[in-house]
Amino acid sequence: KVVFDFTPPSVGEITVRDENNEVIEGSNTNSGTVQVCGETEPGAQVQVSNTDADGESIGTCEGLAQDDGAYCVSCDLTEGQNQLYVTVIDRARNSSAMNEDEESRGRSRLLNVDSAGPDVTFISPRPNAWVDPGEVDVRIQVVDNFNGVASVTGGVGEAEGVAFPELQVEGESDIYGGTVSIPDEGDHFVLWVVATDNVGNESRTTVNLSKTGASVQL
């Protein structure tokens, strides 16, 4: 008995999960590895090709569909744009790329990988500035062009931080600020700021401060 099969397989809908097995709904993620999952013909070979923003190949990952047709293929991503394209090849060596139905030919998914927190630039106080005891105004510029800024928190030393809201400053953008308390004890302090973007990446930036009237630290 000989079975002839000339029908290209269908890729179907795909789901992409991050390193925590959470479904990635949009295109932005901070996950360096993903699982590309879906359903196709049982025993079919699944190939996931990855290219960057310029169309240059990043790599290919492969896997096999199980007896029920379900598959999950693990793929490593790189920082920046990753264009994933899924191709399925069945046991008769028919490829979904040969399918006349555009929806069944292959599925692509764009993922923008960002593992770095926002950029923080201190406006005031400046590094190594002299400040008076009590409350000190802090102004910083926080920028994240990739995923946007979710929160900004600042504090002095080991003290619990306070939230810095975005400020409306004429002629300037991305300015955040608030007040922090300089303790009475001690002459030299570390002012820290933690900024978080919308996919959970954090950046921590610090400046050293000296209390007005304190001895010079060499």
Which whole-number value in Å² is the accessible area per residue of the stretch 160-216, probe 1.4 Å?
56 Å²
Expressed in whole Å with the largest first, what are the equivalent ellipsoid semi-axes of the chain derived from the C-alpha gyration tensor as the square root of 5 times each eigenvalue?
55, 15, 13
Report, to the nearest whole %, how much of the accessible area of the chain belongs to carbon and sulfur atoms, 1.4 Å probe, protein only.
44 percent
Express in whole angstrom the spacing between the alpha-carbon centres of the stretch 163-178 and the stretch 35-108.
45 Å
In Å², rounded to a whole number, the accessible area per residue of the stretch 17-154 with probe 1.4 Å is 53 Å²
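Please identify every one of the GluC sites (Glu not before Pro) in the stretch 42-92 that sits in a loop by DSSP and has no more than 10 other beta carbons within 10 Å of its own beta carbon. Don't skip to the end; give the middle numbers.
Numbers: sites: 56, 62, 79; in loops: 56, 79.
For GluC sites (Glu not before Pro) across the stretch 42-92 that sit outside H, G, I, E and B with at most 10 neighbouring Cβ atoms in 10 Å, the list reads 56.
The values are calculated or read from the model by the stated rules, or taken from the named source; none is laboratory data. Quick caveat, the model's predicted, so the values are computed rather than measured. For neighbour counting, all protein chains shown are included, and Cβ atoms are generated from backbone atoms with ideal geometry for every residue, glycine included. The area values use the complete protein model at the heavy-atom level, side chains included, leaving out ligands, DNA and RNA. Shrake-Rupley method; radii C 1.70, N 1.55, O 1.52, S 1.80 Å.
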